[in-house]
Amino acid sequence: MSLSRFTFPVPQTDPPRSPRETLPTMYDLPGEDPEEPGLPDEFHALQPQLLSATLRLSRYPADQIFTGTDLNLYYDIRHPLWHKRPDWFLVLGVPRLYEGTDLRLSYVLWQEGVSPFVVVELLSPGTEQEDLGETEPQPNAPPSKWTVYEQILRIPYYVVFDRYRDRLRNNTLK
């Protein structure tokens, strides 16, 4: 569906037609601000919680497992402001709390010394091409997610889920 099926103002009848018949639905209206690619919807809030809640790893103590949700991941000491913001990621062998005492505001690789083991991206219409590694590199711009995850951080598992097509892609990067 699209907004083109609506004529504004909506002509009324007697008795008036219901809003369900005359107004756009969530499927007709954009869920993301076009100026802000990848702005989270409700699915992007719930799915990472489910991933963290169901994660069970017997080889690592719970205090040595960190999961980040929509948290800036700073990866290049030469460009300290460059970051990616995975929908969810898992790091093994680092304390859940920063320096054992505080919740993390971001994940800074040059301080932690450990790259994520798994990154999960939940496809959004605004970020789909970058999530799938289909964007062209831009001069003087940070590298794409795919390049960062594959070539810079060498993350073993990059998982992309497309809920609209019910498709899971496990892109083993190493």
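The values are calculated or read from the model by the stated rules, or taken from the named source; none is laboratory data. In this text the structure is predicted, and so the values were computed from the model without any measurement. Cβ coordinates were reconstructed from backbone atoms using ideal geometry, including for glycine residues, and neighbour counts include every protein chain displayed. Just the protein is used for accessible areas: all its heavy atoms, side chains included, with ligands, DNA and RNA removed. Shrake-Rupley method; radii C 1.70, N 1.55, O 1.52, S 1.80 Å.
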| Yes or no: ARG104 out of contact with any Lys or Arg (no Cβ under 8 Å at 6 or more places or on another chain), open to solvent by 90 Å² or more (accessible area, probe 1.4 Å) and modelled with pLDDT of 90 or more? | no
| message | So TYR149 ticks every box in (1) among the hydroxyl-bearing types (Ser, Thr, Tyr); (2) in a loop (DSSP other than H, G, I, E, B); (3) over 22 Å from ARG59 (Cβ atoms) but one. Which box is left unticked? | response | (2)
| remark: Pairs returned, first residue in segment 1-20 that is in a loop (DSSP other than H, G, I, E, B) and modelled with pLDDT under 65, second residue that is among the acidic types (Asp, Glu) and open to solvent by less than 100 Å² (accessible area, probe 1.4 Å), beta-carbon separation under 8 angstrom, 6 or more apart or interchain, are MET1/ASP28; SER2/ASP28; PHE6/ASP28
| query | Looking at segment 121-136, which of the residues that are touching a helix residue (DSSP H, G or I) at 6+ places or on another chain (Cβ under 7 Å) and assigned to a loop (DSSP other than H, G, I, E, B) is farthest from ARG85 (Cα to Cα)? | reply | THR135
| note | Among the residues of segment 84-105, the number that are outside any loop (DSSP other than H, G, I, E, B), in contact (Cβ under 8 Å) with a residue 40 or more places away in the chain and either more than 25 Å from VAL160 (Cα to Cα) or not aromatic (Phe, Trp, Tyr) (or both) is 1
| note | Filtering segment 121-163 down to residues that are polar (S, T, N, Q) and buried (at least 18 other Cβ atoms within 10 Å of the Cβ) yields SER124, THR127, SER144
| Which residues, counting only those in segment 52-103, are more than 16 Å from VAL119 (Cβ to Cβ) and in contact with a Gly (Cβ under 9 Å, 6 or more places away or on another chain)? | TYR60, ASP63, GLN64
| With (1) modelled with pLDDT under 90; (2) outside any loop (DSSP other than H, G, I, E, B); (3) over 18 Å from LEU50 (Cβ atoms) as the list, and ASN170 as the residue in question, which single condition is left unmet? | (3)
| query | Regarding PRO137, is this residue in contact with a His (Cβ under 8 Å, 6 or more places away or on another chain) and on the phi < 0 side of the Ramachandran plot? | reply | no
| Among the residues of segment 137-172, which ones are of a type in the set (A, V, I, L, M, F, W, C), in contact with a helix residue (DSSP H, G or I) (Cβ under 6 Å, 6 or more places away or on another chain) and under 15 Å from ASP76 (Cβ atoms)? | ILE155
| segment 65-80: number of residues that are touching a Pro at 6+ places or on another chain (Cβ under 9 Å), open to solvent by 30 Å² or more (accessible area, probe 1.4 Å) and either within 24 Å of GLY100 (Cβ to Cβ) or free of Cβ contacts under 8 Å to residues at least 60 places away in the same chain (or both) | 4
